[in-house]
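Here the structure comes first, spelled out in structure tokens, and everything after it is commentary.
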Amino acid sequence: MNAIQERFTRLLDNKTKGAAAPVLLTRELATRLIERIDQVRLFAHAYPLLTNLTHGRLTPFDLLDFAYRHELKGLSLHMLDGEHNSLSQMNAGQLRAFADKARQLELEVHLEISSTLKPDVDAVIAVANAIGTRNIRVYSRYEGTLSQVMDTIAGDLHYLGQQADLHNLNFDFEQHEELKSDEIARLLKQANHPRLHALFDFGNMINACEQPLEALANLAPHIRQVHLKGVRVVPEALGFGHYGVLQGSAEDDLPSPRMVYELLMLGEQHPQVIAFILEQENHYIAPAFRQTNEPADPFIAYREMSDTPLPAGFTLEQMLAGEQRWANNQVSYVKGLLAELRTLAELSLATSA
């Protein structure tokens, strides 16, 4: 094994725990990898700066500046992020100004809601139409047996499909701790709608008692958007929780390089993933949701929306400043990872010429 292949293998095997076969960096693969990296679309996300948004230090307009400053392609923004400054609270003139600024900065905006309920869906569609957004992330938060929850979501997906056709939209359903990846894949396959896909989150499968690469493989045919983050796995009595850490740090238990590689390579002729969204969630606490010994039709508890309380030992000012630093850190890590993959591919091509 030459030094280039050795480094490539070591990078992609990092923290996979033997769950993925080695990848041979052939000339064909190197060429395709370079093409995919050159087409990658990195997006900012509101969550890394959530405390700043919640306390009014930043507004959605400032997030557009962040994305532009870091030369990203766009911003993915929850309807409620920013409290009284959020998109959900903006009047028509404010929404128009937000859309105008995004266009001036040549940034694409994707929207997110934490629901598939009809009133919430209708509300986000109204904002999407007002600002010219075509892509919306959703996930469900229902309580009941798994079979009941799946049946309810199936009905919601039918409504989403109708609205997607009516308004020229795409909805991407996120795997958000309560459902396993194969369950979401089953729902999307059953819906069989060209405007309904999946958003793959780097950490949420842990809480559903899944392994990262296995979950990615299960959902791969449907993945259209991605939330990138760092996670420390927290074993619990009957499952696993996770704690948000800096992506790519020593604390990060996820095989981020291999996951990024697999996602880059999805799609035959064109990249399947349209947005790699930087959702650093440092200090986020997520307890186990699914259990290792659950019955065939387990009870799914209601899930509150995600939030990161002030960590122990932090003052508000420290958290506000820290978020800015941690958001920058993730941009640097992901761009550095992509640059290293590209360099290895270029060196492989140069030495095989």
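Out of the residues in the stretch 285-306 that are among the aromatic types (Phe, Trp, Tyr) and in a loop (DSSP other than H, G, I, E, B), which is surrounded by the fewest Cβ atoms within 10 Å (Cβ to Cβ)?
TYR302
Can you name the residue in the stretch 308-353 that is closer than 22 Å to SER249 by Cβ and acidic (Asp, Glu) and, of all such residues, is farthest from the chain's Cα centre (by Cα)?
GLU340
What's the number of the condition GLY161 fails, among (1) within 16 Å of ALA191 (Cα to Cα); (2) crowded, with 20+ Cβ neighbours inside 10 Å; (3) in contact with a strand residue (DSSP E or B) (Cβ under 7 Å, 6 or more places away or on another chain)?
(2)
Being assigned to a loop (DSSP other than H, G, I, E, B), hydrophobic (A, V, I, L, M, F, W, C) and closer than 20 Å to HIS227 by Cα is the filter here; which residues of the stretch 31-88 pass it?
Taking the stretch 31-88 as the starting set, the residues that turn out to be assigned to a loop (DSSP other than H, G, I, E, B) are 40-41, 46, 55-59, 70-73, 79-82, 86.
In the following step, the residues that additionally are hydrophobic (A, V, I, L, M, F, W, C) were identified as 40, 46, 58, 72, 79-80.
If the condition is that a residue be assigned to a loop (DSSP other than H, G, I, E, B), hydrophobic (A, V, I, L, M, F, W, C) and closer than 20 Å to HIS227 by Cα, then VAL40, ALA46, LEU72, MET79, LEU80 are the ones that fit.
Does the stretch 277-304 hold any residues that are within 23 Å of HIS110 (Cα to Cα) and touching a helix residue (DSSP H, G or I) at 6+ places or on another chain (Cβ under 7 Å), and which are they?
LEU278, GLU279, GLN280, GLU281, ASN282
Is it the case, given these coordinates, that ALA312 is of a type in the set (A, V, I, L, M, F, W, C), closer than 26 Å to TYR139 by Cα and either part of a loop (DSSP other than H, G, I, E, B) or touching a helix residue (DSSP H, G or I) at 6+ places or on another chain (Cβ under 9 Å) (or both)?
no
Does GLY244 meet the test of being of a type outside the set (Val, Ile, Thr), in contact (Cβ under 8 Å) with a residue 40 or more places away in the chain, in contact with a Ser or Thr (Cβ under 8 Å, 6 or more places away or on another chain) and within 18 Å of LEU12 (Cα to Cα)?
It is false that GLY244 is of a type outside the set (Val, Ile, Thr), in contact (Cβ under 8 Å) with a residue 40 or more places away in the chain, in contact with a Ser or Thr (Cβ under 8 Å, 6 or more places away or on another chain) and within 18 Å of LEU12 (Cα to Cα).
Would you say GLU178 is within 17 Å of the chain's Cα centre (by Cα) and at pLDDT below 95?
On the way: within 17 Å of the chain's Cα centre (by Cα): yes; at pLDDT below 95: yes.
Yes; evaluated as a whole, the condition is true for this residue.
The values are calculated or read from the model by the stated rules, or taken from the named source; none is laboratory data. Keep in mind it's a predicted model, so treat the numbers as computed, not measured. Virtual Cβ from ideal backbone geometry, glycine too; neighbours counted across all protein chains shown.
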